[in-house]
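Structure, as structure tokens:
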Amino acid sequence: MKIDRLIGILSILLQKEKVTSQELAEKFEVSRRTILRDVETLNMAGIPIVSEQGQGGGISVMEGYKIDSTILSSGDMQAILSGLHSLDSVSGTNRYRRLMEKLSAADTASVNADSHIIIDLSRWDRSAVSDKIEMIKGAIEHQHIITFRYFSPGGESKRRIEPYHLVFQWSSWYVWGYCTERQDYRMFKLTRMTELKQSDEKCEERDVPEYTCDKLRHTRGEIKATVRFDISLKWRLIDEFGTDMLSFDENGDIMLTLTWEDAPSFYRYILSFGDGAEIVSPEGYRNGFTALVKNICARYEI
């Protein structure tokens, strides 16, 4: 639809200092003539757009212009500003706040003062993630392959992927892309990556599938067991699984049937509950966990 394209063109012009009509035509899959007509429509709507001819020329919004604040309510502005500040909390810059200033003729400081929502996506060791985010973001924009050393429960490996999305999910940052070694799409946690580099090699042309969130990824696998949890741990289990999965025995303890990717990682998870969790069945996993606990105790025998 034309209105969608006009909004899209305006969004691009507010984020880039200058863009050519050919770039916009390719982006929206229309002719250059259509783009020029769209630019004229935006001009007639009161948005001053400047066109420069020749080498180094292009289309841009007149410097200093800001969208009329009547387009968005103060509540809208607060919601947008909260979201943009959350991105600034990761990058450690004011890049997104500057974008916000282009979107509002009002004083953004006063808008921010009225906001009751604070979103901080940064870690205590911000540099451990922010530098990686900026590098991966650049690789995605320029369609370059990235390489890194990755640490997972299965061991340490060297990875080479075509990155497509930066994802903030499950309270952590991930990169989602095509792993050339596994020849499939994979998710990698940024804090487990070292030696991250952007290569000069370009990504291949692929029909990339839509990214979908798998919120139960860590509960699917080959291991299936029933576990009893002390009622005092209800807060953590609700936090991790919600209320629908919880059931209770006659003593009021919580019973959960869990599936996991492998026995070692399942045992490590149960250990994280201390003496508040007990594997009830099957007997094989119960015995395997008992052997692990005995080995741990043997390390502390005097």
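Given 137/202; 132/158; 18/189; 158/202; 137/158; 189/294, which pairs have Cα atoms separated by over 24 Å?
On the way: 137/202 14 Å; 132/158 16 Å; 18/189 35 Å; 158/202 18 Å; 137/158 20 Å; 189/294 32 Å.
Pairs exceeding the cut-off: 18/189; 189/294.
Evaluate the distance, in nm, between pseudo-label points positioned 7 Å from the Cα of residue 32 and of residue 134 along their respective Cα→Cβ axes.
It works out to 3.6 nm between the two label points.
Just want to confirm a number: the relative contact order over segment 127-202, from Cα pairs under 8 angstrom separated by 6+ residues, in percent.
Across segment 127-202, relative contact order equals 34 percent.
Cα gyration tensor of segment 127-202, axes a ≥ b ≥ c as square roots of the eigenvalues: rounded (a/c below 1.5), prolate (a/b > b/c) or oblate?
rounded
Fully extended, how many nm does the chain gain between residue 207 and residue 301 (0.36 nm per residue separation, minus their Cα-Cα distance)?
28.1 nm
Can you check how the C-alpha radius of gyration of segment 2-61 compares to 2.2 N^0.38 Å, as a plain ratio?
So the Cα radius of gyration is 0.99 times the expected 2.2 N^0.38 Å.
Read the figures in this text as sums done on the coordinates, not as results from a lab. Given the structure is predicted, the values throughout are model-derived calculations rather than measurements. When we count neighbours, we look across all protein chains shown, and the Cβ atoms used for this are built from the backbone with ideal geometry, even at glycine.
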